[in-house]
Amino acid sequence: MSNSTSMLQRFGVKLFLEPSSTVSAQTCIRTFHRWIQTNAIDGLPIDVADYSHLVEGPHVLLVTHQGNYAVDVAENRSGFIYTQKQPRKEPLMERLMWTCSSVVNAGCLLEQDSTFDPRLIFRGNEIQFVANDRLLAPNTIETAKAVEPILDDLANQLFGGEEYEIVSKLESPDRFTANLIAKSFSSLSTLRERMA
């Protein structure tokens, strides 16, 4: 792995909702405020922001000191992303596992929340890695080659040895992203067990 990529600190992991799941921004706002009041998630929560007027990007944001949770509709695909902001000292693989664990644990809370009607269901067979540092991780084939071994390790752990593929859209003006897609479905609770 290139030295610059191994230093990557600002990145996110996104879960995708099943197409039948629809997210109400107002329900999310109430849910995120309840998480703050009950210390439902790790880290130091700060505030909730409503961006539901935006066509793409985050619709509802839960800001914490360590990172941000967001319900978003980037690329017209509804999902839930956790983006790490604060530097961590562990190797990149451990930082990635921590970020992935954060979003999966919070996603499980959303699935269990009965205030969403119908209940939310996430696709446990697809996650997206998003690099938020164009200097350390430009959207190039070199970056893809550098992070592929780490993403392979992550996919093997998440998908329990099931067949999967890693898909990236390279050389575009967008940030570097890579989708890890397993051939068979897994629930978020199964992913959480595999990461434990």
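Taking 0.36 nm per residue of sequence separation and subtracting the Cα-Cα distance, how much length would be gained by fully extending the chain between V167 and M195, in nm to one decimal?
Numbers: separation 28, 0.36 × 28 = 10.08 nm, distance 2.19 nm.
Result for the pair: 7.9 nm of gain on full extension.
Sorted by mean Cβ packing within 10 Å, highest first, what order do the peptides 26-39, 45-58 take? Mind showing how you got there, number by number?
Working: 26-39: 16.1, 45-58: 13.5.
Sorting 26-39, 45-58 by mean packing, highest first, produces 26-39, 45-58.
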key: Structure-derived Cα Rg over 2.2 N^0.38 Å: which label, when the choices are (1) 1.35; (2) 0.97; (3) 1.05   = (2)
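Given contacts defined as C-alpha pairs under 8 Å and at least six residues apart, what's the relative contact order of the chain, whole-number percent?
On the way: 378 pairs, mean separation 49.6, N = 196.
Contact order relative to length: 25 percent.
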inquiry  = Tell me which DSSP H helices of the chain clear both cut-offs, 27 Å or more of axial length from alpha-carbon atoms and a mean Kyte-Doolittle hydropathy of at least -1.0.
reply    = 92-112
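What's the carbon and sulfur percent of the chain's accessible surface, probe 1.4 angstrom, rounded to a whole number? Write out the running numbers ahead of the final one.
Details: 4820 of 9530 Å².
Heavy-atom surface of the chain belonging to carbon and sulfur, 1.4 Å probe: 51 percent.
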query = So which of K145/K183; K89/K169; K85/K183 end up more than 25 Å apart by C-alpha?
reply = K89/K169; K85/K183
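The values are calculated or read from the model by the stated rules, or taken from the named source; none is laboratory data. None of the values given here were measured: they were computed from a predicted structure. We place every Cβ from the backbone using ideal geometry, glycine too, and count neighbours over all the protein chains shown. Accessible surface areas use protein heavy atoms only, side chains included; no ligands, DNA or RNA. Shrake-Rupley method; radii C 1.70, N 1.55, O 1.52, S 1.80 Å.
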